[in-house]
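For reference, the structure discussed in these notes is given below.
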Number of protein chains: 2
Amino acid sequence: MSRPQRLPREELRQSILETAREILRHEGVEGLSARAIARRVGYTAASIYNVFDSMSDLLMEVNRDTLARIGSLFAQLPATGTPRDRLHRLCGEYIRFMQDNPALFGALFGGTRQREAFPDWYVQAIRALLGQVGGLLREHAPALDESQAMELAEQLYVAIHGTLALDLGRRLDLVTGQSAQGIAGAMLDAVLARYPS
Amino acid sequence: MSRPQRLPREELRQSILETAREILRHEGVEGLSARAIARRVGYTAASIYNVFDSMSDLLMEVNRDTLARIGSLFAQLPATGTPRDRLHRLCGEYIRFMQDNPALFGALFGGTRQREAFPDWYVQAIRALLGQVGGLLREHAPALDESQAMELAEQLYVAIHGTLALDLGRRLDLVTGQSAQGIAGAMLDAVLARYPS
DNA sequence: ACCATTATTGAACACCGTTCATTAACAACT
DNA sequence: AGTTGTTAATGAACGGTGTTCAATAATGGT
């Protein structure tokens, strides 16, 4: 078609995304830039913009992958033990994943995002994950109806998000000596304790 | 002493801080820069560095002021009603303050901070605020000893932090339709419900 | 009148995201 | 074979960032 076209479009696209994830893993969010990606991929910063509309669009694609990984992480959890056990396992694994990949957390929740435009798949992916929590809550307390369970799941998620935001921002020790896992577990138990087991 | 010295050191220092707070209030964190402050103060960006070691040091001083404001906000709360009422009031006012001053929240908790060096007054100020929550928790549930109450206070704070981090990052609606105040209230009640009133 | 002191600054450095006219290689048509 | 059109890739620029530092300029003291 063109100049060299050193890589087919889709291949370049995947290569950029993979490189972005690699930088995030090894250098953190602050090491990620269009120029840094381009350097590693063997292109120029401008070329990134032939494939993605903006850096924030590129990050969105990284987030899509992250949400998928969390989804399959949850899917692979053993379905053994009481609902309470399973909830502790699920929360624990979510926290562990984010602690292992702090920059992915930063990409998901960092920066002041543009309003009025979270893509639909983004919202759906999050609701699907929350739905699993809601389901387990209903197994624990069958008296809950679905919307009550979802409200609880949302509250629980928000609380755990606070733990991670402080922990990964290196400020949790400013507030407490407790570990992220400890705090999340305690809050989960606080929620569960209000309903018959 | 020198060139004009258009303002005595301390006066310039205060003027810089005041201007920084003003920018944060009106333009948000993304509008704050050494050059932006300097422009408004009538100096040059380089002059900021005669007074502060770095932008992050400057932000630390803004944070000192913020923590003091929160402290006096808490001090002015009416001491009427049950401990539960007072806790709801305190949490509610904290959330309202941050919602009214989102950039101050961003300054307190944004950016990946430098490890191993939170000044002592910073840690003390936070512990003092948490101590008030712990005190009210003990009034609500006298069976709690002080360290148990502090652990609970810390957990509650972390949960509320999650609410605010999502809300002010404009991502709360991605997770839930509930309001920040609603979620925080529900989590406070979840904590209180575990102990005799 | 001179000098030392020092607050202030302009200019630079190395980055950032983003845009765009130019370049270079190929496909297709004469 | 020669020409033209298409288009991937890029170099260079724009306006921004935090930060540093040598040069400047005004003052107080001698």
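The values are calculated or read from the model by the stated rules, or taken from the named source; none is laboratory data. On a predicted model such as this, the values are computed, not experimentally measured, just so you know. As a convention, Cβ positions derive from the backbone with ideal geometry for all residues, glycine included, and neighbour counts pool all protein chains shown.
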task = Could you tell me whether any residue of segment A:43-60 is within 29 Å of A:LEU130 (Cα to Cα) and away from DNA strand C (no atom under 12 Å from the Cβ)?
result = no
Over segment B:144-179, the set of residues in contact (Cβ under 8 Å) with a residue 24 or more places away in the chain and over 15 Å from A:GLU154 (Cα atoms) is B:LEU144, B:LEU152, B:GLU154, B:GLN155, B:LEU156, B:TYR157, B:LEU168
(1) within 16 Å of DNA strand D (Cβ to nearest atom); (2) outside the structural domain of A:ASP189 (by TED's automatic domain parsing) all hold for A:LEU58 apart from (2)
The residue from A:PHE97, A:PHE109 that alone is of a type in the set (Phe, Trp, Tyr), within 14 Å of chain B (Cβ to nearest Cβ), surrounded by 15 or more Cβ atoms within 10 Å (Cβ to Cβ) and in contact (Cβ under 8 Å) with a residue 12 or more places away in the chain is A:PHE109
Over segment A:1-38, the set of residues more than 27 Å from the chain's Cα centre (by Cα) and either among the hydrophobic types (A, V, I, L, M, F, W, C) or more than 10 Å from DNA strand D (Cβ to nearest atom) (or both) is A:MET1, A:LEU7
| Is at least one residue of segment A:127-141 surrounded by 22 or more Cβ atoms within 10 Å (Cβ to Cβ) and within 24 Å of B:LEU129 (Cα to Cα)? | no
When A:ALA153 is run through (1) under 26 Å from B:THR112 (Cα atoms); (2) more than 7 Å from every other protein chain (Cβ to nearest Cβ), the failure sits at (1)
Scanning segment A:65-94 for residues that are more than 19 Å from A:LEU17 (Cβ to Cβ) and within 14 Å of another protein chain (Cβ to nearest Cβ) gives A:CYS91, A:TYR94
So, A:GLY135, is that one closer than 28 Å to A:ALA186 by Cβ and within 14 Å of chain B (Cβ to nearest Cβ) or not? no
query: Of the residues that make up segment A:80-94, is at least one within 19 Å of A:ARG25 (Cα to Cα), touching a Leu at 6+ places or on another chain (Cβ under 7 Å) and not basic (Lys, Arg)?
result: yes
The condition from (1) of a type outside the set (Gly, Ala, Ser); (2) at pLDDT 95 or above; (3) over 21 Å from A:TYR122 (Cα atoms) that A:ASP65 misses is numbered (3)
Do the conditions hold for A:SER72, that is, is it within 16 Å of DNA strand D (Cβ to nearest atom), among the polar types (S, T, N, Q) and assigned to a helix (DSSP H, G or I)? no
Residue hits (segment A:142-159; crowded, with 19+ Cβ neighbours inside 10 Å and out of contact with any Leu (no Cβ under 8 Å at 6 or more places or on another chain)) are A:GLU151, A:GLN155, A:ALA159
**Asked** Is at least one residue of segment A:95-111 within 15 Å of B:ASP173 (Cα to Cα) and under 15 Å from the mean Cα position of the chain (by Cα)?
**Response** yes
Reported set for segment A:156-179 where residues are at the interface with chain B (Cβ under 9 Å from one of its Cβ atoms) and small (Gly, Ala, Ser) is A:ALA159, A:GLY162, A:ALA165, A:GLY169, A:GLY177
